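**Student:** Take a look at this one; I'll ask things after.
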Amino acid sequence: MTLKTEPITVNIGPQHPSTHGVFRLRVAFDGEVIQDVEPVFGYLHRGSEKLAEERTYTQVVTLTDRLDYVAPMTSNQAYVLAVERLMGIEAPERGQYIRVMMAELMRIASHLMMIGFFLQDMGAFGTPLMYTFREREDILDLFEMVCGARITVTYMRVGGVQADLPPEFTPALERFLAKIPGQIDDLEQLLSGNEILIARTKNVGLLSAEAAINGSVTGPALRASGVDWDLRKSDPYEIYDQLEFDVPIGENGDNYDRFVLRLEEMRQSVRIVRQCKEQMPGGPHRLELPMLLRPPAGDAYGRVEAPKGELGFYLVSDGSIAPYRCAIRSPSFINLTVLRDMLIGWKLADMVTIFGSLDVNMGEVDR
Amino acid sequence: MTRRYPADDLAGKIRTRFPDAVADTAPAELYLERDRLRDVCEFLRDDEALDFRALVALNAVDYVDYFEVVYRLVSYRHNHATVLKVRVYERDEPSVPSVTSVWKGAELQEREVYDLMGVGFEGHPNLKRVFLWEGFEGHPLRRDFLLQRP
């Protein structure tokens, strides 16, 4: 007797804990093995690019907070850099140092979230996530100190930052810097040698360097595949060329590399924050600019190495007070191009970890 | 620092292979003829000295008289970059050739441009809306699409 078999299509999401937001996958399974994947986007589409066209250049900063809500500082930074490039100005040195410091704190917070949720997806339910949340909370407290908000910071401005560092900030930062390296070590010790973790990540979800480059993948996912490309080193912006840090590179491009690489990047970010604190120059934190900015007609592209990859803003100005066009190059969205190829042939349980290892944020995917 | 590949040099290299492909040059960018776009992109990717193997960003701008599609290319090996622009003067059904066969990274980005700006891509394997739903009328990022206040 022969049993008749046929592939079954399963709908996963948009409301599903492992999709980290509202993401939907239509997956065709042969038994437990993935045959085909179709990602469905748009559940969080708010039309940020259109909304930007009817706001002034300063008001658009508030929209960028709401793109990647796990890393609002770097979104701020990419946008203000694009406007500054459009206007041909540069923030004063102190402003740049503060911005880089905030961006690196943000990177630590974002990677902590990725690690916490990645482990949660693999069944380490609750505990690691609570640890990473605890560490992230310290960073959000620092943000609250400088700008009054934890998530929707809107801290960076064209020409600098909104306010100078308050006097209580530096002692709080020192307390944070004293304990975070130990906490990162704890996380690594707790998990990196774990047999279950290694079985579920080593050689799972392979992404070759060739496929990553051709698929426009950027950020940790690209570096885990062995491509040495970090905008902070390859095309330094702000004051990154005055700082010492290393760019960790992976070898195999599997889940494990993408996970461990982020642990290492957090350590490098701690180094950068420490240097910023020590080298912090005096002087103004912000340029004196008019309330309504009118950049000259033209276009400019500003980009930063955000925690998820290259985040860029392509701005076109017609000389008025609002951007004529504000196009966002979203790393989360573009990194998903390779998702289908990465998933086919793996099992349902691996799908969750492979997707988690890419670390996408749906606010930034759908915009 | 990522070096901006000089546009004149690049235009010269392209013209030796495809004499009619370059429409215009600006200091930092190239304007290409839409019909030769895919050939030129393939050449830019495969040439050893150019090595533009990554399409970093693909955006479109509506200038009312024409649409401009902007391609940002990077070579990770040589650390240089360039910008290509293609102008489309049609408004009802504008389209440019798809570059998905050259860079897979164009796949979702072209779908996004099609969805929000309404510029089609000939030869795209799966060209349909990505953020908005099928049946949505119009393309919101066009300048003549006005936001409605409640």
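The values are calculated or read from the model by the stated rules, or taken from the named source; none is laboratory data. Here the structure is a predicted model, which is why all the values come from computation and not from measurement. Neighbour counts run over all protein chains shown; Cβ positions are idealised from the backbone, glycine included.
**Student:** Name the single residue, out of those in the range A:207-234 being free of Cβ contacts under 8 Å to residues at least 24 places away in the same chain and not in a helix (DSSP H, G or I), that is nearest to the chain's Cα centre (by Cα).
**Tutor:** Within the range A:207-234, the match that is nearest to the chain's Cα centre (by Cα) is A:Trp229.
**Student:** In this structure, is A:Ala163 aliphatic (A, V, I, L, M), over 20 Å from the mean Cα position of the chain (by Cα) and not in a helix (DSSP H, G or I)?
**Tutor:** So A:Ala163 passes the test.
**Student:** Do you know which of the residues in the range B:64-88 that are more than 15 Å from the chain's Cα centre (by Cα) and on the phi < 0 side of the Ramachandran plot is farthest from the other protein chains (Cβ to nearest Cβ)?
**Tutor:** B:Asp65
**Student:** Now for a different question. Which ranges mark the strands (runs of 3 or more DSSP E) fully within the range B:4-112 that have 3 or more residues being surrounded by fewer than 21 Cβ atoms within 10 Å (Cβ to Cβ)?
**Tutor:** B:22-25, B:80-88
**Student:** Report, by residue number, each residue of the range B:114-126 that is within 21 Å of A:Cys326 (Cβ to Cβ) and more than 9 Å from every other protein chain (Cβ to nearest Cβ).
**Tutor:** Of everything in the range B:114-126, those that are within 21 Å of A:Cys326 (Cβ to Cβ) and more than 9 Å from every other protein chain (Cβ to nearest Cβ) turn out to be B:Tyr114, B:Met117, B:Gly118, B:Val119.
**Student:** Does at least one position in the range A:305-317 carry a residue that is more than 14 Å from chain B (Cβ to nearest Cβ) and either closer than 30 Å to A:Lys179 by Cα or in contact with a helix residue (DSSP H, G or I) (Cβ under 8 Å, 6 or more places away or on another chain) (or both)?
**Tutor:** Within the range A:305-317, one or more residues are more than 14 Å from chain B (Cβ to nearest Cβ) and either closer than 30 Å to A:Lys179 by Cα or in contact with a helix residue (DSSP H, G or I) (Cβ under 8 Å, 6 or more places away or on another chain) (or both).
**Student:** In this structure, does A:Thr58 turn out to be surrounded by 24 or more Cβ atoms within 10 Å (Cβ to Cβ) and either among the polar types (S, T, N, Q) or more than 21 Å from the chain's Cα centre (by Cα) (or both)?
**Tutor:** Taking the combined requirement at face value, the residue does not satisfy it.
**Student:** Have a look at B:Arg129, B:Arg142 and point out the one that is out of contact with any Phe, Trp or Tyr (no Cβ under 6 Å at 6 or more places or on another chain), part of a loop (DSSP other than H, G, I, E, B) and more than 9 Å from chain A (Cβ to nearest Cβ).
**Tutor:** Criteria check complete, one pass: B:Arg142.
**Student:** For the range A:6-37, give me the residue count where each residue is surrounded by 14 or more Cβ atoms within 10 Å (Cβ to Cβ) and in a helix (DSSP H, G or I).
**Tutor:** Summing the residues that are surrounded by 14 or more Cβ atoms within 10 Å (Cβ to Cβ) and in a helix (DSSP H, G or I) in the range A:6-37 gives 2.
**Student:** Looking only at the range B:1-45, count how many residues are among the small types (Gly, Ala, Ser) and more than 30 Å from A:Glu305 (Cβ to Cβ).
**Tutor:** So the answer is 4.
**Student:** Just wondering, is there one or more residues in the range A:184-193 that are under 23 Å from A:Gly253 (Cβ atoms) and either of a type in the set (D, E, K, R) or not assigned by TED's automatic domain parsing to the domain that holds A:Glu278 (or both)?
**Tutor:** yes
**Student:** Same structure, new question: For the range A:213-268, how many residues meet the condition of being within 14 Å of chain B (Cβ to nearest Cβ) and within 23 Å of A:Phe117 (Cα to Cα)?
**Tutor:** Result for the range A:213-268: 8.
**Student:** Same structure, new question: Could you pull out the residue among A:Leu3, A:Leu51 that is away from chain B (no Cβ under 14 Å), free of Cβ contacts under 8 Å to residues at least 24 places away in the same chain and surrounded by fewer than 24 Cβ atoms within 10 Å (Cβ to Cβ)?
**Tutor:** Selected residue: A:Leu3, the only one of A:Leu3, A:Leu51 that is away from chain B (no Cβ under 14 Å), free of Cβ contacts under 8 Å to residues at least 24 places away in the same chain and surrounded by fewer than 24 Cβ atoms within 10 Å (Cβ to Cβ).
**Student:** Within the range A:69-95, can you find the residues that are in contact with a strand residue (DSSP E or B) (Cβ under 6 Å, 6 or more places away or on another chain), hydrophobic (A, V, I, L, M, F, W, C) and in a helix (DSSP H, G or I)?
**Tutor:** Answer for the range A:69-95, where residues must be in contact with a strand residue (DSSP E or B) (Cβ under 6 Å, 6 or more places away or on another chain), hydrophobic (A, V, I, L, M, F, W, C) and in a helix (DSSP H, G or I): A:Ala78, A:Val80, A:Leu81, A:Ala82, A:Leu86.
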